[in-house]
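**Student:** Sharing a structure below in structure tokens format, with a few things to ask.
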Amino acid sequence: MVIAFHKPYGVLCQFTPDQPGQRTLADFGFPAGVYPVGRLDMDSEGLLLLSDEAGFNHRLLDPLAAHGRTYWAQVEGVPDEGALQRLRRGGIEIQNYRTLPCGAKLLQPEPQVAERNPPVRFRKLIPTSWIELRLTQGKNRQVRRMTAAVGYPTLRLIRAAIGSFELGALAQGDWKVLEKGDLEKVWA
């Protein structure tokens, strides 16, 4: 079984809390035996897959498979073409690795997404914009570090797709078991 879940902001991607009062995957009524495939930070939102299938995690996340994941990042400021080119080219040094080339574009019009609770900070004199990044790499906090490295810090991050399977209209906190057609999109 593979489940698509729209992980809300502030939820830890594990079933047991690290600290008292922390929201975890246990709060959402998943069937017994499923585990998260990959991770999203507590302050990131969007598509998270869970599965009870042995080996699913490895097949999906193995770097040799170069499996695409699409993120929407609301950033501080409006990235110029030079910043987007730096993201696309890859080679941005982050901690002990260099990023691989990726897809990067300004999202215009901006995606229609539900408000976040708590809301993203608002600065009267600094505009925000949304960019889409399609990565095959999946390092810890990579998107946030990449956008900051080119001068546009991430304020909000949503995983919008895995493969060609999109989060779509799945509401925050909701989940569904994937059908065969949906699974084919995950691998596309």
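The values are calculated or read from the model by the stated rules, or taken from the named source; none is laboratory data. Computed from a predicted structure; not experimentally measured. Glycine also receives a Cβ, built like all others from the backbone with ideal geometry; neighbour counts cover every protein chain displayed.
**Student:** Restricting to region 41-56, name every residue that is touching a residue at least 12 places away in the same chain (Cβ under 8 Å) and in a loop (DSSP other than H, G, I, E, B).
**Tutor:** Passing the criteria: Asp41, Met42, Asp43, Ser44, Asp52, Glu53.
The rows are residues; the columns are (1) under 20 Å from Asp41 (Cβ atoms); (2) surrounded by 14 or more Cβ atoms within 10 Å (Cβ to Cβ); (3) assigned by TED's automatic domain parsing to the domain that holds Leu60.
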{"residue": "Leu135", "(1), (2), (3)": "yes, yes, no"}
{"residue": "Arg141", "(1), (2), (3)": "yes, yes, no"}
{"residue": "Arg145", "(1), (2), (3)": "yes, yes, no"}
{"residue": "Val150", "(1), (2), (3)": "yes, yes, no"}
{"residue": "Arg156", "(1), (2), (3)": "yes, yes, no"}
{"residue": "Gln172", "(1), (2), (3)": "yes, yes, yes"}
{"residue": "Ala188", "(1), (2), (3)": "no, no, yes"}
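**Student:** Going through Leu60, Leu25, Leu106 one at a time, which residue ends up being among the aliphatic types (A, V, I, L, M) and closer than 16 Å to Leu133 by Cα?
**Tutor:** Exactly one of Leu60, Leu25, Leu106 is among the aliphatic types (A, V, I, L, M) and closer than 16 Å to Leu133 by Cα, namely Leu106.
The rows are residues; the columns are (1) within 17 Å of the chain's Cα centre (by Cα); (2) small (Gly, Ala, Ser).
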site: His6; (1), (2): yes, no
site: Gly10; (1), (2): yes, yes
site: Phe15; (1), (2): no, no
site: Gly33; (1), (2): no, yes
site: Met42; (1), (2): yes, no
site: Leu48; (1), (2): yes, no
site: Ala66; (1), (2): yes, yes
site: Arg69; (1), (2): yes, no
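**Student:** Something else: With the requirement that a residue be part of a helix (DSSP H, G or I) and out of contact with any strand residue (DSSP E or B) (no Cβ under 6 Å at 6 or more places or on another chain), what does region 140-181 give you?
**Tutor:** Answer for region 140-181, where residues must be part of a helix (DSSP H, G or I) and out of contact with any strand residue (DSSP E or B) (no Cβ under 6 Å at 6 or more places or on another chain): Gln142, Met146, Ala148, Ala149, Lys180, Gly181.
**Student:** Could you tell me which residue of region 16-40 is nearest to Gln172 (Cα to Cα), considering only residues that are among the hydrophobic types (A, V, I, L, M, F, W, C) and free of Cβ contacts under 8 Å to residues at least 12 places away in the same chain?
**Tutor:** Among those residues, the one meeting the criterion is Ala26.
**Student:** Would you mention how many residues in region 124-139 are farther than 13 Å from Ile94 by Cβ, of a type outside the set (Lys, Arg) and in a strand (DSSP E or B)?
**Tutor:** Total satisfying the criteria: 6.
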